[in-house]
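Quick note: the coordinates plus some simple rules give every number you see, no bench work behind them. Keep in mind that this is a model prediction, so the values were computed, not measured. Glycine gets a Cβ as well: all are built from the backbone with ideal geometry, and neighbour counts include every protein chain shown.
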Amino acid sequence: MAKPEIVAGLDMGSGRVTCLIGTPENDSQRVKVLGGSSVVCRGIKGGVVINIQETARAVTRAVEEAEAAAGVTVTGLYLGVRGTHLQSFNNRGAFNIARTDKEITPDDVSAVVGNAKAIPLSTDREILHVVPQGFSLDRQKGVPHPVGMEGSLLEVEVHIVTASTAHLNNLVKTVAQAGFEVIEPVYGLLAAGEMLVTPEEKDLGSLLIDFGGQSVSLGVYSEGSIRYSKELAIGSDFITRDLAVGLRTSLATAERIKMEHGIAHPSLLNGDAEIEFHGVDGRTPSRVKTSTMMGIILPRVEEIFSVIAEELQSSSYADLVVPGGAVLTGGGSLMRGTLAAAEQILGMPVRLGMAHPDLFTADEPWLNPTYATALGLLHFSRQARWGGVASRLALRKKPMWMRRITQVFEDLF
């Protein structure tokens with residue numbers, strides 16, 4: 001009996017490290033989640049490593065706990081990355097078919113995508129993904145799969161995501177120090193979008209908002225593909241900090257009462273109960289009314305979604321997302337009233353982005369939007385196995401230092 005394939009996704013996001021381990025179900029497109037773990041990590045901030053040793057310890061703990069829960073061991077991981085060091089833009093490329101045989105081949109598609117990504121970059125940046133948005137054949141747009149068709153001029157429009165080489169290599173080095181190998185670094189927004197945004201929403205036009213603790217990832221989809229992506233240095237941890245300062249309590253206590261009793265929209269305020277908690281010393285008892293908490297929470301929530309609205313307007317893609325509305329996911333989406341606040345400020349329908357049960361066999365907690373990126377990485381690995389996402393994303397090569405080390409071991413064995 002063949003040994004089941006094991007895949008693992010590691011989301012190194014906003015102050016947390018999350019690892020999920022799964023196995024593709026051979027008789028379907030589903031992934032079975034075998035186990036997982038999520039641990040707090042102070043060595044990473046907004047998706048950027050600020051302390052390699054502390055982050056490596058968190059990675060080791062998260063992966064080992066996930067392995068124990070899954071009853072398997074892993075060596076390689078799909079690494080989810082995020083943060084404001086990521087930048088993106090659109091570009092186009094063209095390729096002339098000079099052969100007598102004008103039939104488009106996979107090599108022609110690779111060539112035209114290669115031309116589209118042949119752009120000048122500063123030495124401290126590298127291309128993470130190249131996502132084809134659509135092909136044109138002899139000036140005829142809207143060709144989704146040109147292979148096998150005939151033409152003289154093949155063109156492509158692409159979405160290119162670049163990353164800081166230093167920050168990316170620090171992430172990879174951290175995982176290596178923890179004892180694991182990065183199979184591929186993957187932009188978490190793209191991984192989550194493949195899983196959460198429906199084909200209809202991608203065609204009509206929609207906005208994906210991954211509301212993390214220290215950053216917010218935005219993705220605009222239209223005509224079946226991503227058209228715009230952006231990382232914002234804001235997140236739900238800002239709300240937690242406001243509560244900690246306003247209530248004179250610890251960040252851990254503020255986070256707990258935010259999730260258990262916080263309200264992000266006045267329409268959900270039903271009565272004015274008093275909440276008991278402990279002060280910053282962990283011993284002094286205190287009380288706060290729900291309305292007082294809401295008075296602290298609302299201004300920050302309004303600010304966050306106003307920044308998102310302004311960013312969308314300045315991107316020139318705002319008109320594209322109105323038909324499909326917005327998909328809100330991430331841990332910051334779970335506070336009561338967040339969807340209502342998003343709808344009011346963004347002026348469009350907003351739904352909660354949760355993994356579709358047809359894609360995963362998993363215990364209910366792992367389907368929570370908090371783990372959307374980690375689940376998206378497992379889905380990404382499944383799609384790559386079947387030639388889905390991998391055929392559309394041109395992924396970065398391993399950094400030079402890692403390629404040299406790999407080559408040394410290959411030469412030895």
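Using a Förster radius of 22 Å, what is the FRET efficiency between residue 281 and residue 336 based on their Cβ-Cβ separation? Nearest 0.05, please. Please report the intermediate quantities before stating the final value.
Numbers: r = 28 Å, r/R0 = 1.29.
So the FRET efficiency works out to roughly 0.20.
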Which three semi-axes in whole Å describe the equivalent ellipsoid of the stretch 232-357, each the square root of 5 times a Cα gyration tensor eigenvalue, listed largest first? 30, 14, 13
Using the basic label-point model (7 angstrom from Cα toward the beta carbon), what is the residue 198 to residue 54 distance in nanometres? 4.3 nm
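In Å, what Kirkwood hydrodynamic radius results for the stretch 99-202 from the alpha-carbon pair distances? Write out the running numbers ahead of the final one.
Working: mean 1/r = 0.0614 Å⁻¹.
In the stretch 99-202 this quantity evaluates to 16.3 Å.
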Acute angle (nearest 10 degrees) that the helix 372-385 long axis makes with the longest principal axis of the chain, alpha-carbon atoms: 20 degrees
Once the piece of chain linking residue 292 and residue 248 is laid out straight, how much longer is it, given 0.36 nm per residue of separation minus the C-alpha distance between them? 14.5 nm
Förster-model FRET efficiency, 45 Å R0, residue 147 and residue 123, C-beta, rounded to 0.05: 0.80
Taking a ≥ b ≥ c as the square roots of the Cα gyration tensor eigenvalues, with a/c under 1.5 meaning rounded and otherwise prolate when a/b beats b/c or oblate if not, the stretch 92-144 comes out prolate
Ranking of 239, 308, 119 by count of other Cβ atoms within 10 Å, fewest first: 119, 308, 239
Fewest Cβ neighbours within 10 Å first, please rank 73, 292 accordingly. 73, 292
Stokes-Einstein D for the stretch 237-302 at 20 °C, 1.002 mPa s, Kirkwood Rh over Cα pairs, in µm²/s? 184 µm²/s
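Compute the length gained on full extension between residue 319 and residue 98: take 0.36 nm times their separation in residues and subtract their Cα-Cα distance, giving the result in nm to one decimal.
Working: separation 221, 0.36 × 221 = 79.56 nm, distance 3.96 nm.
Contour length minus Cα-Cα distance gives 75.6 nm.
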Which value results when the Cα radius of gyration for the chain is divided by 2.2 N^0.38 Å? 1.04
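Where does each of 265, 356 land when they are ranked from fewest to most other beta-carbon atoms within 10 angstrom? Present the calculation step by step, with values, prior to reporting the outcome.
Working: 265 20, 356 12.
Fewest-to-most Cβ neighbours within 10 Å comes out as 356, 265.
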So what's the back-of-envelope 222 nm ellipticity for the chain, counting only DSSP H runs of four-plus at -39500 (n - 2.57) apiece and dividing by all residues, rounded to 500? -11000 deg cm²/dmol
